[in-house]
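Here the structure comes first, spelled out in structure tokens, and everything after it is commentary.
Each value in this text was obtained by applying a stated rule to the coordinates, not by laboratory testing. On a predicted model such as this, the values are computed, not experimentally measured, just so you know. Here the Cβ positions follow ideal geometry from the backbone for every residue, glycine too, while neighbour counts run over all protein chains shown.
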Amino acid sequence: MTEQKPWYKRTSTILIGAALVVVAALFIIANNQSEAAAPTEVSSSPTYQPVDSAAHDEQPASAVDGSRLKQFIESKQTPAIDASNLANQINSIMAANPDIIFGVSIKYLNDGTTYNYGDQEPFTAASTTKVLTATDYLKQVELGNRSLDQVMPDGNTAQYDLEQMIIVSDNNAWHVLNENLGYTQLQDYAVSIGLNSYYYGDNVINVADMTKLLADMYQRLLINEDHTQLLLSYMERANYRDLIIPAVPEHDTVYHKAGEYAGNLHDATIITNSTHTIVLTIFSASLESYSKSRVAGLMQQMTTPTLQTFYLN
């Protein structure tokens, strides 16, 4: 049997242990007070001190640097456009060439603003409305009413005719596709997408509606992604590259459709550098002697300040 210690010995052991606990606690408190009283060393390169909990690490509203935040946000937004000088330049070119009627429409896709100059009445559209035919046909494919693989009366597939109509401006392919769609259906489609100046009977449209057509198509508002990419791939290769395109720097991409008919010379373009994008449509009608090279040169004179204004130069 284990021998028990007398009660007075057990009591002294307990008292000694309690005293040691008290002494240790007093030592810790004194040490903390000493550290708190010690002067803080200022570091020229303060380091991040992690905390154990993020439950209360939010900052008050007064901690927000509002002016810096505003400056950062504005730096990410589309820069301001000052088109006042552009208007003077384009109008001066038109005034210096009164024997040529010009209509110009520009849409800056970054902010949706449209700028129109010159004649805003419908022009004979020539081949520029081939883009309308292509868009309409591709939309009918999406609706299940047509197929790109179907063989047309000329023996070609619809897709081949679309390609030839846009890239080399094949009029026979255009006629085949228009006949397949039906001219009244084409007219109804134009109205349904807001091209109120278009009339199939005379093939006329104004520059603002031509710009709207290209802008809406490029922004995927008319046809799906695959069909938009297909049409743009044709427009990137399209002929009549001696009108607006020579004024465009190589680092920009141009998708366009031009047209020439009986003294009318037009170019409808999408110009982009990935950061900034515009649609630029220039229509012209020569009232006296027609010179393609002269009109093309004037188009390029209008294009250069346009690209400068919209950060595409």
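Looking at this structure, is Thr228 on the phi < 0 side of the Ramachandran plot, free of Cβ contacts under 8 Å to residues at least 12 places away in the same chain and buried (at least 17 other Cβ atoms within 10 Å of the Cβ)?
For Thr228, the condition - on the phi < 0 side of the Ramachandran plot, free of Cβ contacts under 8 Å to residues at least 12 places away in the same chain and buried (at least 17 other Cβ atoms within 10 Å of the Cβ) - is met.
Among (1) at negative phi; (2) within 23 Å of the chain's Cα centre (by Cα), there is one condition Tyr311 misses while meeting the rest; what is its number?
(1)
Within the range 261-291, track down each residue that is polar (S, T, N, Q), under 24 Å from the mean Cα position of the chain (by Cα) and assigned to a strand (DSSP E or B).
Thr269, Thr272, Thr277, Thr281
Take the residues of the range 231-270 that are polar (S, T, N, Q) and surrounded by 17 or more Cβ atoms within 10 Å (Cβ to Cβ): which is farthest from Gln164 (Cα to Cα)?
Asn264
In this structure, does Ala268 turn out to be touching a helix residue (DSSP H, G or I) at 6+ places or on another chain (Cβ under 6 Å) and more than 29 Å from Ala158 (Cα to Cα)?
Against the criterion (touching a helix residue (DSSP H, G or I) at 6+ places or on another chain (Cβ under 6 Å) and more than 29 Å from Ala158 (Cα to Cα)), Ala268 does not qualify.
Filter the range 196-235 for residues that are assigned to a helix (DSSP H, G or I) and within 13 Å of Phe123 (Cα to Cα) and give the result.
If the condition is that a residue be assigned to a helix (DSSP H, G or I) and within 13 Å of Phe123 (Cα to Cα), then Val207, Ala208, Asp209, Met210 are the ones that fit.
Among the helices (runs of 4 or more DSSP H) lying completely within the range 81-184, list those that include at least 1 residues that are surrounded by 13 or more Cβ atoms within 10 Å (Cβ to Cβ) and in contact (Cβ under 8 Å) with a residue 60 or more places away in the chain.
84-95, 130-142, 158-167
Can Tyr183 be described as among the hydroxyl-bearing types (Ser, Thr, Tyr) and touching a helix residue (DSSP H, G or I) at 6+ places or on another chain (Cβ under 9 Å)? Write out each step before concluding.
Numbers: among the hydroxyl-bearing types (Ser, Thr, Tyr): yes; touching a helix residue (DSSP H, G or I) at 6+ places or on another chain (Cβ under 9 Å): no.
Criteria not met by Tyr183.
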